[in-house]
Amino acid sequence: MTVEQQTRFRTLKDIPTPDYMSPGGSLCAGCGGLLAVRLFHKVLGPNLVWVNAAGCLTVMVNYPYVPLKSNWLYTAFASAPAGAQGVRDAFDILIQKGKIPAEEDVKVVVLTGDGGAYDIGLQSTSGAMYRNLDFYYLCYDNQAYGNTGFQVSSATPIGSATATTPPTPSEPGGNMFKRKDLFEIWRAHKPPYIATLSSSFAVDFLRKVEKGSKMKGPKLFISLAGCPTGWGYDPRETIREEKLAVDTGIWPLKEAVNGEVKHTYLPRALKPVEEYLSTQARYEHLFRPTKRTEVIRMIQNDVNNYWKMVSKDENVEIRLVGE
Amino acid sequence: MENDETKGAEVTIRLGAAAGDGIQSAGEMMMKVLARSGLYISTYNGNQSLIRGGHVWFHIHAGTRKVYSLGYGIDFLVPLTQLAFDQHFESVNTGGAVIYDPSIVKPHDLQQGVRGIPVPLGEIALKYDKRPIMKNTVALGALTSNLGVKFEVLADAITDQFGRKNPGVAESNIKAAREGYDLVKNLGAQSFELKYDYSCTKPVLTADYAFALGAVNAGCRFYAAYPMSPASPIVHWMASHAKQLGLTVFLGEDEISVINATIGASYAGARAMCGTSGGGFALMQEAVGEAAMTETPVVVVDVMRAGPSTGLPTKTSQGDLNMMLGISQDDFPRIILAPRDSADSFYTAGRAFNLAERYQVPAIILLDFAIGDGGYSTVEGLDPSFTVDRGKVVSVPSPGAVSGGWFRRFALTDDNISPRSFPGTPDLMFVAKTDEHDEWGHDLSDVNSGLKEFLPLRVKMHEKRMKKLESIKKELRLPEIFGPTGADITIVTWGSSANPAREAVQRLRMQGVSVNSLEFTDLYPLNESEIKRILQVPGKKVALEANYTGQFETLLKRETGIIMDAHIRKYDGEPIYPSEVEKGVLSLRKEVHAVV
C-alpha cells in the first residue's frame, strides 16, 4: 500500500474542519507553536490530556481566554513526561478495572517548548522512552526560551542573537554553539515513531501525526515554530518563514519508523540560507552594519554537509548551494 | 534622621494599558524625564507574563525629597484603555487628574476634585503613523506639559529610547509628543509644578541591575543562570557585558546544572555566583548542601516572586525566606541577606562574596520582584571602592598541613575556618567530599562511620562547620532604625518592606503619631543578644512583610524569643503600599491587631 492509500490526508482540503482550539487566545499574533498544536489536535481528535511544562504555550491557558477543549495538566519544568507516565498508568489501571470503558480512553500528549525538550526535560523524556510509555510528545521548537524573553537554549541555531547571546563587539556572531540534534538523541532510544514537522507543510504534518497514532509506545514530534516576537519578522509571515526554513534545507522534514530514517520532503535544489536568515531580526547582525560572511558560510556548510549525507543515504540528487 | 526629608513636594503617576501598548517603555521615558529634572524616583512595574492583551501598568513616585516607595494614591492617571481607567480611577487623589482619550475611555464616576483632561491621543498619533502606536508618547507630551517640565527633557528621553534604532521613529514620536504637550499647554490645564533642577540628573537603577553591577565590582568572574523571571535581567546584563568585564556567563540546561557549575567554578578558584527565582532555587537545594559540606563558597541570588510553584510569575512576594532557612537536609551554616533597594543591592553583592569566601559557606541574597525587575529607584552615586577578601586561601603548605600527599583542607582550627587551596596548587591536593570526612578530606562514611573512635570526629567536623555561625553573626549588619528612637510604635521590616514603611513613618509622624521603623537586611544568622537589646523598646512592635505566615516574624521569635504585638502581612502579589502600612499602624494605635 502506498502512503496515499494509507492516509486520510491527501491535500490541504483534507485538513479536518473541527477545531479543538478556540480563537482569541493570549499568545503572540502569528505564533507558529499555536499553529502546530492546532494541527496536531485535529488529527488526534478531542479526547486527549495535554501534559505541559513551562513555556510559551503555558501562557496560552489563561482564563477566560483558555482556547482548549481538552484537559491540561501542568507539571514542574523538568518532568512533563513523568507527569504523562502517571496519567497514562492511571488510565490503564482504571480501564483494566472496568472503571472506564476502553473506548473512553484518552491520548496522553506531552507538550513543551524546546527548553523543556532539549534542556531541562531531556532526562525525563529519556526515562519515558526507556519505559516504552504509550504517549505523544509534541515539541514546538522556536529555538529559544520565548516566554521569558528569548534566552538561548540548546535548540538555538548558530548565529542567532538571543537575550543571553547578544552580538557584542567581542562576540559579533551571536550564539556560537550548534543546536543539539534532538531527533537523533530521541532516535537512539529506538521509539516506534519520531518525526519533524512544520505547519507550512500541513499535509506532511497531518500524515505524520496520523502515522504515529497507529503505533503503540512513544511517538515524538518536533515542530518548527516560527516566532515573530523572538525571531523578529512580521507576524503574518510565519508560514513563509517556516517554508523558507524547509526550502533552504535548514529544517529537514523527516521521520524515523522504528529507528529507520526517511526524509518526507526532498528539495531538488536548496535555496541559499541567506534568503532565510536575512528575513529575521535575530540574524540582523550577520548582515548589518557589516556582512559576516564567515558565519553565513558556516551555516551554509552545515546545511550542505547534512544534505550530502541525505543524498548518499537515500540515493537522491540534491543541488546544494555554492558547491 | 528623616526630618529634612519630609519636606518637599512629590507626585505619583500611573500609566495603564494593555500589554503590547508599550507602557513599559513609556513609563521608563517618563521616569527619565523626572529624574533628569532633578527628582528622586521610585517605580513599580505592574506587568503580566502575557505577551499581549493583559492589563499592565507602570507607577512612578517622584519627589524633590527622597522617595522610597510608591507614595500615596495617584496624582496623574493616564489610562490608555477603559480597563486601565476602571482599575485605577478610585486611587486618584483629590486635586489629581486623569489624562485620557475621549474616544477610548469614558471617565465615569470621577470623584469630586479630580479633573478629567481629554486629549485625542489616538487621533494625534494617527497623523504620524498608520497605526495609533504613538498614543503613549502623545500622552507623555500631555503629562509632561501638565507637570510643567520643559519639553526638551522629554524630547531627549524619546531620542534615547528610539534614536539608536531609527532616527526617523524618534523624530515622529517627538512631533507627536509635542502636539500633546502644546495642546495641554494651550488648555491652560497645567496643574502641578514641582521645583525642577535640570542641571541635576538623578541616576536610577533597578535592584537587579544594581546587584549585577555590585557583583562585578566585587570581582565576580563567573555567573550562571537558567531563564526564570524575574531574575533574568541580571543574566541579560551579565551576558551583554561578559567579554568587556572578563566574566564568564554560563547558561545551563537547568538550575541543577547552574549551581553545580557555580560550585565547580568556585572550587577551582573563581568568584562565582548564580541567580534564579524561587522555583529554580527549589532545584538548587541539594547542591547548596553540597557546597556547605565541601566548604566551597557560593553566592546565590533569588529574586522572589509570588508562589507556590509558578505562582504569579510577574508579581512580588517575600515568601522564600523559610525555604532559605531550611535549604536541603540537616544543619549547615548559611548566610541570608535581603537588601532594601538598589543601592543596598549593589553593596550587598560585595559583602556576600567576601563573607562567603571568608567563611567558606553559601551566601543567599533575597531580592524580590518589587525592587528587582522594573522597580527603579534613585541611587545617589555608588561607591566602587571595594576590597576583595578571599579568606584563608593558601598556596604554600604550612608545617603539618600535608601528609601522605594529601592537604589538610578541612583542618580543625581555633576559628573553625580551614585553609583552602585551589586545585593545581603543588602539594595541596584534596578531595572535596560530600560525605562526612575528616580533616584531610578522607571519608568517615561507608567504612568507618559508627566505629567508636570515629564518632567524636564526626561530631567535631559537624561542630566546626556549625560554629562558624557564631563568628558570622557578629559580622552581619544589625537592623537600622528609620526615624527617631524611642517611638510608641516600631514597624519591623526586612528587605524591601523597609520602603513602604519609611513613607508611612514620614506621613504618620506629620500626623503626630510617634512611630519609627526597624529595618533588617541581614536575616541569618541573627545576633540574638544585640537584637534583643535593640528591640527592647517600650513601644509596640508590628512586623511588616509580604507573605502569609510571617516568615521573618517567626524567625525572630525562634531566635530571640521576641514576640511582635501585631503584624501586617500581604500576599496578593502587589507591592506593599504605604497607605496599607499606615492603616495597620493606626489600627494598632486603637489597640486592634491589624491584618491587612
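What to note about this one:
- The range B:246-262: number of residues that are outside any helix (DSSP H, G or I), of a type in the set (Gly, Ala, Ser) and touching a strand residue (DSSP E or B) at 6+ places or on another chain (Cβ under 8 Å): 1
To keep it simple, each residue is scored yes or no on (1) more than 11 Å from every other protein chain (Cβ to nearest Cβ); (2) surrounded by fewer than 23 Cβ atoms within 10 Å (Cβ to Cβ); (3) farther than 21 Å from residue B:356 by Cα.
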{"position": "B:198", "(1), (2), (3)": "yes, yes, yes"}
{"position": "B:201", "(1), (2), (3)": "yes, yes, yes"}
{"position": "B:230", "(1), (2), (3)": "no, no, yes"}
{"position": "B:239", "(1), (2), (3)": "no, no, yes"}
{"position": "B:248", "(1), (2), (3)": "yes, yes, no"}
{"position": "B:254", "(1), (2), (3)": "no, yes, yes"}
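- When residues in the range B:80-110 are screened for being touching a strand residue (DSSP E or B) at 6+ places or on another chain (Cβ under 7 Å) and closer than 27 Å to residue B:582 by Cα, 12 of them pass.
- Count - residues of the range B:474-513 that are loosely packed, with under 15 Cβ neighbours inside 10 Å, closer than 14 Å to residue B:586 by Cα and of a type outside the set (A, V, I, L, M, F, W, C): 2
- Taking the range A:250-266 as the range and being without any contact (Cβ under 8 Å) to a residue 60 or more places away in the chain and surrounded by 15 or more Cβ atoms within 10 Å (Cβ to Cβ) as the test, the residues that pass are A:251, A:252, A:253, A:263, A:266.
- If you go through the range B:57-87 and pick out every residue that is within 14 Å of chain A (Cβ to nearest Cβ) and open to solvent by less than 10 Å² (accessible area, probe 1.4 Å), you end up with 0.
- In the condition set (1) under 20 Å from the mean Cα position of the chain (by Cα); (2) in contact (Cβ under 8 Å) with a residue 60 or more places away in the chain; (3) away from chain B (no Cβ under 14 Å), residue A:30 is compliant with all but (3).
- Count of the range A:225-281 residues, restricted to those that are among the β-branched types (Val, Ile, Thr) and over 19 Å from residue A:197 (Cβ atoms), is 3.
- Any hit, the range A:81-94, residues being under 25 Å from residue A:229 (Cβ atoms) and within 14 Å of another protein chain (Cβ to nearest Cβ): no
- Given (1) away from every other protein chain (no Cβ under 14 Å); (2) free of Cβ contacts under 8 Å to residues at least 24 places away in the same chain, index of the condition residue A:159 fails: (2)
- Candidates B:270, B:265, B:242, B:282, filtered to the one that is closer than 26 Å to residue B:552 by Cα and either assigned to a strand (DSSP E or B) or assigned by TED's automatic domain parsing to the domain that holds residue B:374 (or both): B:282
- Among the residues of the range B:356-375, those identified as open to solvent by 10 Å² or more (accessible area, probe 1.4 Å) and either within 20 Å of the chain's Cα centre (by Cα) or not assigned by TED's automatic domain parsing to the domain that holds residue B:220 (or both) are B:370, B:371, B:373.
- Filtered residue count, the range B:338-354, keeping only those that are of a type in the set (A, V, I, L, M) and open to solvent by 10 Å² or more (accessible area, probe 1.4 Å): 1
- Residue that is over 18 Å from the mean Cα position of the chain (by Cα) and within 14 Å of another protein chain (Cβ to nearest Cβ), where the choices are B:269, B:307, B:311: B:311
- Restricting the range A:46-72 to residues that are among the polar types (S, T, N, Q) and closer than 15 Å to residue A:23 by Cα leaves a set whose member that is nearest to the other protein chains (Cβ to nearest Cβ) is A:62.
- Residue B:110 under 32 Å from the mean Cα position of the chain (by Cα) and among the aliphatic types (A, V, I, L, M): no
The values are calculated or read from the model by the stated rules, or taken from the named source; none is laboratory data. Just so it is clear, the structure is predicted and the values come from calculations on it, not from any experiment. Every residue, glycine as well, gets a Cβ built from its backbone with ideal geometry; the counts of neighbours run over all protein chains shown. When the accessible area is computed, the model is the full protein with side chains, heavy atoms only, and any ligands, DNA or RNA have been set aside. Shrake-Rupley method; radii C 1.70, N 1.55, O 1.52, S 1.80 Å.
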